[in-house]
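Please read the structure below before turning to the comments.
The values are calculated or read from the model by the stated rules, or taken from the named source; none is laboratory data. Just so you know, these numbers come straight off a predicted model, no measurement behind them. Heads up, the Cβs are rebuilt from the backbone with ideal geometry, glycines too, and the neighbour counts pull from every protein chain shown.
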Amino acid sequence: MAAVLESLLREEVSVAAAVRWIARSAQSSEEDAGEAAALRSLQPLRKEFVPFLLNFLREQSSRVVPQGPPTPAKAPGSSAALPGRPGGPPRGGRGARSQLFPPTESLSAAAEAPSARRGGRRRGAGPARERGGRGPGSLEEGVGAESLLWAGSRRPRAAGSPGSPSRARCDPPNLSNLEEFPPVGSVPPGGAGTRPSRRINPTPVSEERSLSKPKTCFTSPPISCVPGAQPSVLDSSPWGQGPAAGCRSLQEEREMLRKERSKQLQHSPVPACPTPEPGSTLPTRTGSLTAEPADPAKVSSRQRLELVALVYSACIAENLVPNLFLELFFVLQLLTARRMVAAKDSDLEPSPGVLDSLESPLFQSVHDCVFFAVQVLEHQFQVLSYLDKGTLKLLAENERLLCFSPALQGRLRAAYAGSVAKVSLAMPPSVQAVSFQPETDNRANFSSDRAFHTFKKQRDVFYEVLREWEDRHEEPGWDFEKGLGSRIRVMMGQLSAACSHSHFVRLFQKQLLQMCQSPGGAGGTISGEAPDVLNMLGADKLGRLRRLQERLAAPQSSCGPCPPPSFPGCQGFFRDFILSASSFQFNQHLMDSLSLKIRELNSLVLPHPEPSDEDGESDVDWQGERRQFAVVLLSLRLLAKFLGFVAFLPYRGPEPPPARELQDSILALRSQVPPVLDVRALLQQGLRAHRAVLTVPWLVEFLSLADHIVPMLDYYRSIFTLLLHLHRSLVLSKDGEGEMCFLNKLLLLAVLGWLFQIPTVPEDLFFVEEGQVDVFEVDTKTSEHGLDGVPVVDQHLLYTCCPYIGELRKLLASWVSGSSGRSGGFVRKITPTTTTSLGALPLRTTQGLQAQLAQAFFHNQPPSLRRTVEFVAERIGSNCVKHIKATLVADLVRQAESLLQEQLVTQRQEGGDPGQLLEILCSQLCPHGAQALTQGREFCQKKSPGAVRALLPEETPAAVLSSAENIAVGLATEKACAWLSANITALIRREVKAAVSRMLRAQGPEPAVRGDRRGCSRAFADQIPVLGPPTQHRLERGQARRLLHMLLSLWKDDFQVPVPLQLLLSPRNVGLLADTRPREWDLLLFLLRELVEKGLMGRKEIEACLDSLHEAQWPEDFAEELATLFNLFLAEPQVPEPQLRACELVQPNRGTVLAQS
Amino acid sequence: MILTKAQYDEIAQCLVSVPPTRQSLRKLKQRFPRLVWESWEDFRMRSSSSRRYRAEPGASSRRSEHISSQSQATLLSIFSQEYQKHIKRTHAKHHTSEAIESYYQRYLDGVGKNGAAPVLLELANEVDYAPSLMARIILERFLQEHKETPPSKSVINSLLRDPSQIPDGVLANQVYQCIVNDCCYGPLVDCIKHAIGHEHEILLRDLLLEKNLSFLDEDQLRAKGYDKTPDFILQVPVAVEGHIIHWIESKASFGDECSHHAYLHDQFWSYWNRFGPGLVIYWYGFIQELDCNRERGILLKACFPTDIVTLCHGAAAP
């Protein structure tokens, strides 16, 4: 691998060729022969290149004192072969994720590892073995241990040496020992025996997870693995030693205790790391640590850094790296590197001969790091520009970035200014009970009085338990199992009848959805904008209070860019309930119910409005669409997570994954068990239907809770293969017709990247052979009807689903706080004191209260009532906008036209600027837009009640009916007025402008209107279907429609010569339609209508054309259908469309006029 | 009348040794006029500035009269509840066979001397037990002696409800005296309590109708198959003092800790579990500190709320 990098650095191979080489198996012909030859010899190593590169970068940066947690690279152990020793030893099965050690050492250590590991494992699992040991985020009792291990493994530990002997982590590094810490750059190539180990401390083997396979997650050198930056010194950092670090050895704990004591004694942040070796300069990871300034002038080898940055960026862009955001995090760590640990002089003075090879360290100073980081960020600007506003601000304000690339800083600043993506994770909602619905809950739904009364009691016990949990779960020392376990089991024990189980499961699942659907609790339904209501109060203080509230109450995510799956907040209650209940009946019913609901939601038809080219009014519908999508997606993710949790629960345990010998029998056993839900079929359906943006995020949640065996099962392996292929195909830079929307892709990349980092997912899975990947066809081209092409994901949803992306912001923020000299810690520690008093901030304003009342109104009503009211509000609101457009705006356009007529008469005498004319017209007419709100309100008030009344059942009580009507009116008005007040002026402007240009054109070719758009025909040359076998080049209906739109606008606006449009309807052309099946009559009808509407052809003209068609010879069925279509067209009322009428007044047929001129 | 815990404890302390008879209630007022009424007055003075008694101007005399009558009802309610707690504590010692024998003997002795004298009532007062319950003990003992089979509970209850059916005229008279003079236990008190409860439900219904708030009452809810039924469920929720209210429960008693916790467990939380947040009206007041679940969805009031916000026309409009 290094050979490839070497040849790159020596410029024997171009970067483009290298990336092509990495990404595709086949050598493409365009490469020049020399490059091809250079690379072909390295062919067998191709797939190991990316892991090598990632590990190489991590290793090179190992002397950097960073912020934040280590950035793991989960790359299989492609041995970092040195030049001249390509390949290294063959990897046995799934190797260590990072193999940066001399193979001899690995081999020798492997022998002694198992026993030591087993012992360590037990130690690690110890604290979590008691029932109470579940951490707030960990999966469960048993898995708790594992996730603790995991959490531990991501600490900036000197991790990863798969075969390193068991040694306490806090052993002071012996820097003077050249064998242990040889200078990195001084290794002679080829000498495997003298290969240096990394200058990091060995990991206690207790963190190893496997007996047979040396497997640790995230073993590539974390960036903070510098001598002196001992993990145990990081306790100010939330990444370091949270309560979850349960896998420490006793010795370590003693060490910590000792340090704690000494700290208390000295009352000052004394570097608590082991006494440094005399003479070496060890940085202290304490508050006093200041960052070294970075200077572009002092960058050591620009060219080399640029090259590596280019290759690295290309790998990121092609999705060859497992986790996009992890790499971004790593790059930002480099950007915000505090300083480099001083190395031996020989490190810093590379001999000239080896400057451009891998022999000298890539990053020789902070300047190099920052330079490299900025280079990469420049290439990743597009992704950065889609991050939330807060991150953009921090990036744009980063002084290093400004210093190294003012251009990038400028772009970021612009992106910040244009960004509306404020993301804030609001408070969780307070608990609300599932309402009693007589249809499902009364006596008639139970087999006996006894079952009915038992369930009555159970409901009460369930909520009693929930309330107690709510009150006490944050108390130190309180334990779910001890506090509530027996009560839960007694209650579950009372469930005798199977039907009672399903009742209870329904209650459980509903409550789960109600409480945990989204962190903001903004159910996205009726007045889901509870946070916005708070914002509307306007007071700056309130905003600040909320931000503070967020910081206090938002879970202090402190697990870096790839946190393990966890059950934050209320989800913890449901997880613990399932565990404490430990009832197989309950679990089975729950799985049934969750599966059903997942299927139901996954196949929910989310109506999306026809994308219309010019009209912004579809925004009205899109807001609702997005909100609905978010609700469905978040619900699905929650349900799938719990389904995964329960389904794989019996197979997860504290013990390490089974040894290889045992695996076969386990696999044989497991592979014949049908999956709890046929997720593969759902995934395939989702991909086919272009609904990946909905299906994949929940599937990832489901898979994230699988056990170690699952990815080895054929069934699930094929799912992973599909996902991998999908991941590769989501190239962000590809943007065009039919591509998935950018944020949709970004969401999928984020969740998939996260999944690939989960310890149960085999580390070599990502870097799998292409041969296997190509089994399935994944097509990311979106069809008209697929969700993937609809911008359903916004930043808020992205950050809600992937809170770990916010780690980027935290990292940058901590740089700011650190560089201001106040605190060197990654995130300032805030101890929450009272969160409840803040959390229960009541909305006492009239508006807030009314919104709450409206929300509450639906609580005890059947769900259909709510759906009806929302539907009515949605449609009436949308129609209201259309109504305003057809009445008020159309009137204004008419006025504009008559005003224009007058103006034109005078103008002809005086001569004037049409631009000015337009301004005058707009300034006269736009103020009338204010009427839109009044008229809109009237419209909603008039239309909504009738619709609600018609749709609700007769027996609806009068009071309920009238409230429902009022709420529908309110919501419809809100929706319509919000859109109108934001867009009415622009709408009037646009329409008036269109009218003006129409009329001016009619006056004759105006220089101002005549634009040079010669290139425009190229714009869709690639979209016109090539004539040929029609079946293959069939356009999607929407594409065809869009194409027609483009053509129409081209004919209308851009052609300066007459267009012989009548040829469109020549018998020969119409005859082409006869061959297509099904025949696209609606497209033809659409075309005819548009020709008339756009004023391109008069009705009379079209009628004449159609008449002539009768004479032609057609297949009989075709002739019939054609006749029907013509009748349909002719029967259409001749609506005096304003613009049409205007055209006809001035100019009945533009084609003829142009011909005359 | 909303009392603080401290005020309540003070009053309860005064009531501790008072037997539950009309005479003692009268005596209570005479014996502790200053203590009781001072604490009352004191409370009233302090709360007059609070919104609870910010009544219409010029109604101060009417108001004080109202408060005085309301205070008496509250006092009676507190007294009754405190007395019940006392009885629960001492119940067992009056039901040992020795105690029963001794009481029966003393009753026989007493009526033997003078059948018209309130023997049983005085005995009850003397041993600090509720007269109605004493009457029940003696009646049971009497029936055991005169019938072969031990009397059933329903027979005893019906004899207590209508003492004229008791075969022994003297005992009938004695039992009657006990029942009419007991203001805490007995069929008469039960009847009064039931009537008061019903009366307040009617009162609440009228108020809801007057305010034009539509509701489902307990009977309608039962007919629909609800498993737990508050007095009223509002068809359209309202807000009281900023809190959403879905249901209202009427309690014609004073809300002390003991009864409130029992109600919470058996009723209020069950309502919350099904219908969401709601309102409890303790018509005779409650201990202020108990009103601590407002944020959680159980609001306490001592009267029908005045600050009711309903869903407005075009509510969600900006």
**Q.** Residues of region A:949-985 classified as of a type in the set (A, V, I, L, M) and in contact with a strand residue (DSSP E or B) (Cβ under 6 Å, 6 or more places away or on another chain), total
**A.** 2
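If a residue must be among the acidic types (D, E) and at pLDDT 80 or above, how many such residues does region A:1118-1136 contain?
Here is the first cut: in region A:1118-1136, the residues among the acidic types (D, E) are A:1120-1121, A:1132.
So of that shortlist, the ones also at pLDDT 80 or above come out as A:1120-1121.
Number of matching residues: 2.
Out of region B:293-308, which residues are assigned to a loop (DSSP other than H, G, I, E, B) and either away from every other protein chain (no Cβ under 11 Å) or at negative phi (or both)?
Our first condition is that a residue be assigned to a loop (DSSP other than H, G, I, E, B); within region B:293-308, this holds for B:293-297, B:302-307.
Residues satisfying the conditions are B:N293, B:R294, B:E295, B:R296, B:A302, B:C303, B:F304, B:P305, B:T306, B:D307.
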Q.
Go through region B:279-297 and report how many residues are modelled with pLDDT of 95 or more and over 24 Å from B:A12 (Cα atoms).
A. 1
Q.
Taking the condition of being without any contact (Cβ under 8 Å) to a residue 40 or more places away in the chain, part of a strand (DSSP E or B) and either among the acidic types (D, E) or within 14 Å of another protein chain (Cβ to nearest Cβ) (or both), how many residues in region B:269-292 meet it?
A. 1
Q) Hey, B:E249 hits all of (1) under 16 Å from the mean Cα position of the chain (by Cα); (2) acidic (D, E); (3) within 11 Å of another protein chain (Cβ to nearest Cβ) but one; which does it fall short on? A) (3)
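Do we have A:S962 as surrounded by fewer than 20 Cβ atoms within 10 Å (Cβ to Cβ), away from chain B (no Cβ under 14 Å), modelled with pLDDT of 85 or more and within 18 Å of B:V236 (Cβ to Cβ) here? Even if it seems obvious, please write down each step before you answer.
On the way: surrounded by fewer than 20 Cβ atoms within 10 Å (Cβ to Cβ): yes; away from chain B (no Cβ under 14 Å): no; modelled with pLDDT of 85 or more: yes; within 18 Å of B:V236 (Cβ to Cβ): yes.
So A:S962 fails the test.
Of all the residues that make up region A:461-504, how many are in a loop (DSSP other than H, G, I, E, B) and either within 35 Å of the chain's Cα centre (by Cα) or surrounded by fewer than 19 Cβ atoms within 10 Å (Cβ to Cβ) (or both)? I'd like the intermediate steps shown before the answer.
Restricting attention to region A:461-504, the residues satisfying the condition of being in a loop (DSSP other than H, G, I, E, B) are A:473-479, A:495-497.
Still in the list and also either within 35 Å of the chain's Cα centre (by Cα) or surrounded by fewer than 19 Cβ atoms within 10 Å (Cβ to Cβ) (or both): A:473-479, A:496-497.
Of the residues in region A:461-504, 9 are in a loop (DSSP other than H, G, I, E, B) and either within 35 Å of the chain's Cα centre (by Cα) or surrounded by fewer than 19 Cβ atoms within 10 Å (Cβ to Cβ) (or both).
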(Q) Here is a check on your reading of the model: is B:K228 farther than 21 Å from B:Q7 by Cα, surrounded by fewer than 17 Cβ atoms within 10 Å (Cβ to Cβ) and either in contact with a helix residue (DSSP H, G or I) (Cβ under 8 Å, 6 or more places away or on another chain) or at pLDDT 95 or above (or both)? (A) no
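Does A:F455 satisfy the criteria of being surrounded by 18 or more Cβ atoms within 10 Å (Cβ to Cβ) and either at pLDDT 90 or above or in contact with a strand residue (DSSP E or B) (Cβ under 8 Å, 6 or more places away or on another chain) (or both)? Spell out the reasoning first.
Details: surrounded by 18 or more Cβ atoms within 10 Å (Cβ to Cβ): yes; either at pLDDT 90 or above or in contact with a strand residue (DSSP E or B) (Cβ under 8 Å, 6 or more places away or on another chain) (or both): no.
No; evaluated as a whole, the condition is false for this residue.
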Q | Condition check for B:L311: within 9 Å of chain A (Cβ to nearest Cβ), more than 26 Å from the chain's Cα centre (by Cα), surrounded by fewer than 22 Cβ atoms within 10 Å (Cβ to Cβ) and in contact (Cβ under 8 Å) with a residue 40 or more places away in the chain | A | no
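Sort out which residues of region A:936-948 are surrounded by 16 or more Cβ atoms within 10 Å (Cβ to Cβ) and either in contact with a strand residue (DSSP E or B) (Cβ under 7 Å, 6 or more places away or on another chain) or away from every other protein chain (no Cβ under 14 Å) (or both), and write them in order of number. Full working, then the answer.
Filtering region A:936-948 for residues surrounded by 16 or more Cβ atoms within 10 Å (Cβ to Cβ) gives A:936-937, A:939-941, A:943-945, A:947-948.
Of everything in region A:936-948, just one residue is surrounded by 16 or more Cβ atoms within 10 Å (Cβ to Cβ) and either in contact with a strand residue (DSSP E or B) (Cβ under 7 Å, 6 or more places away or on another chain) or away from every other protein chain (no Cβ under 14 Å) (or both), namely A:A947.
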(Q) Looking for something within 18 Å of the chain's Cα centre (by Cα) and either part of a loop (DSSP other than H, G, I, E, B) or modelled with pLDDT under 85 (or both) - is there at least one such residue anywhere in region A:647-667? (A) no
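Where in region B:1-113 are there helices (runs of 4 or more DSSP H), lying fully within it, with 1 or more residues that are at pLDDT below 80? Break it down into steps so the answer makes sense when it comes.
Values: elements: B:5-15, B:22-31, B:33-47, B:60-90, B:97-113.
Here the list reads B:5-15, B:22-31, B:33-47, B:60-90.
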Q | Meets criteria (surrounded by 18 or more Cβ atoms within 10 Å (Cβ to Cβ) and at pLDDT 90 or above) for A:I709 | A | no
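For region B:171-184, indicate whether the set of residues that are surrounded by 12 or more Cβ atoms within 10 Å (Cβ to Cβ) and assigned to a loop (DSSP other than H, G, I, E, B) is non-empty.
Of region B:171-184, the ones surrounded by 12 or more Cβ atoms within 10 Å (Cβ to Cβ) are B:171-184.
Among the residues that remain, those that are also assigned to a loop (DSSP other than H, G, I, E, B) are: B:183-184.
The answer is yes, given that some residue of region B:171-184 is surrounded by 12 or more Cβ atoms within 10 Å (Cβ to Cβ) and assigned to a loop (DSSP other than H, G, I, E, B).
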Q | Filter pass, A:R637 being modelled with pLDDT of 85 or more and under 14 Å from A:Y716 (Cβ atoms) | A | no
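Per-residue answers, yes or no, for (1) closer than 27 Å to A:G789 by Cβ; (2) buried (at least 20 other Cβ atoms within 10 Å of the Cβ):
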position: A:F629; (1), (2): yes, yes
position: A:R637; (1), (2): yes, yes
position: A:L643; (1), (2): no, yes
position: A:L662; (1), (2): no, no
position: A:Q685; (1), (2): yes, no
position: A:V693; (1), (2): yes, yes
position: A:V696; (1), (2): yes, yes
position: A:F702; (1), (2): yes, yes
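So that you can scan it fast, the table gives a plain yes or no per residue for (1) among the basic types (K, R); (2) facing chain A (nearest Cβ under 9 Å); (3) not in a helix (DSSP H, G or I):
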{"position": "B:L208", "(1), (2), (3)": "no, no, no"}
{"position": "B:R222", "(1), (2), (3)": "yes, no, no"}
{"position": "B:Y226", "(1), (2), (3)": "no, yes, yes"}
{"position": "B:I233", "(1), (2), (3)": "no, yes, yes"}
{"position": "B:V236", "(1), (2), (3)": "no, yes, yes"}
{"position": "B:H261", "(1), (2), (3)": "no, no, no"}
{"position": "B:L264", "(1), (2), (3)": "no, no, no"}
{"position": "B:Q267", "(1), (2), (3)": "no, no, no"}
Q) Which one of the conditions (1) closer than 19 Å to A:A856 by Cα; (2) facing another protein chain (nearest Cβ under 10 Å); (3) modelled with pLDDT under 95 does B:V240 fail to meet, given that it meets all the rest? A) (2)
**Q.** Output for region A:967-995, where each listed residue is closer than 30 Å to A:P863 by Cβ, touching a residue at least 12 places away in the same chain (Cβ under 8 Å) and within 12 Å of chain B (Cβ to nearest Cβ)
**A.** A:I967, A:A968, A:V969, A:G970, A:L971, A:A972, A:T973, A:E974, A:K975, A:A976, A:C977
